[in-house]
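Read through the structure below, which is laid out as structure tokens, and then see the notes.
The values are calculated or read from the model by the stated rules, or taken from the named source; none is laboratory data. Computed from a prediction, not measured in an experiment: that's the story for all the values here. Heads up, the Cβs are rebuilt from the backbone with ideal geometry, glycines too, and the neighbour counts pull from every protein chain shown. Protein only, heavy atoms only, side chains kept; ligands, DNA and RNA dropped before computing areas. Shrake-Rupley method; radii C 1.70, N 1.55, O 1.52, S 1.80 Å.
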Amino acid sequence: MSFFELVKKRRSCRKYLSRPIVRETLQRCLEAARLAPSACNSQPWHFIVVQGKFLKDELSRVAFSGVHSMNSFAKEAPVLVVVVRNKSLYSAQLGGQLRGTQYNLIDLGIACQHLILQAQEEGLGSCWIGWFDERAVKKILKVPRDKKVDIIISLGYSGEKLQEVKTRKLLSEISEFR
Ligand SMILES: Cc1cc2nc3c(=O)[nH]c(=O)nc-3n(C[C@H](O)[C@H](O)[C@H](O)COP(=O)(O)O)c2cc1C
């Protein structure tokens, strides 16, 4: 598949088969994330791959209940990747403060999308999940208080036929040539 085909094909997947994902496949997804660029090469990320049934059930229960239950579809995913955001290197932090830009968030987004596109290449479905109980997730995974967990990525073989048509603004609305 060409890169463009891959990008066009990727959709958020919210229904998963129970089929497990082999370690090598997950490692290639993580490797794609590892190779992502970042401000001052800070690499301000850490990926916790949760696939053990007991921990995953417990994590899903606390992450996606109450006001966060719209994401309870993720309980069925065989893998949840919890993305931990670290501080950037001091130079990137300083530059970011001067610019009013939070580079480590940009970095994290790039790395996550690398992971997700590799997952697509591997034939996996995925979904970015930004709405969950972060405090509970950090507690259960013992993530230090000074770190952020902005995103969880659900991964698994898709149990639904995803349409390739995407609802997007027109190119003319989002871009211009000068
Ligand atoms: C930062 C971010 C957070 C998101 N959070 C959620 C979420 O909490 N739950 C969910 O079902 N989808 C979530 N999504 C998926 C978006 O809804 C989805 O990408 C968008 O509607 C476009 O659809 P597509 O991914 O199928 O192309 C999130 C996506 C991003 C990039």
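Would you say Ile140 is surrounded by 13 or more Cβ atoms within 10 Å (Cβ to Cβ), in contact (Cβ under 8 Å) with a residue 24 or more places away in the chain and within 13 Å of the ligand (Cβ to nearest atom)?
No: the conditions fail for Ile140.
Of all residues in the range 94-136, count the ones that are within 11 Å of the chain's Cα centre (by Cα), buried (at least 18 other Cβ atoms within 10 Å of the Cβ) and small (Gly, Ala, Ser).
Selection size over the range 94-136: 3.
Kindly indicate whether Val84 is of a type outside the set (Gly, Ala, Ser), more than 12 Å from the ligand (Cβ to nearest atom), at pLDDT 95 or above and touching a His at 6+ places or on another chain (Cβ under 6 Å).
yes
From the list Lys87, Lys161, exactly one residue is outside any helix (DSSP H, G or I), out of contact with any strand residue (DSSP E or B) (no Cβ under 6 Å at 6 or more places or on another chain) and loosely packed, with under 10 Cβ neighbours inside 10 Å. Which is it?
On inspection, the qualifying residue turns out to be Lys161.
Quick one: what pairs do we get from the range 86-110, first residue touching a residue at least 12 places away in the same chain (Cβ under 8 Å) and closer than 19 Å to Asp146 by Cβ, second open to solvent by 90 Å² or more (accessible area, probe 1.4 Å) and not small (Gly, Ala, Ser), C-beta under 8 Å, 6+ apart or different chains?
Hits for this filter: Asn86/His46; Lys87/Asp146; Leu89/Asn41; Gly96/Gln102; Asn104/Lys87.
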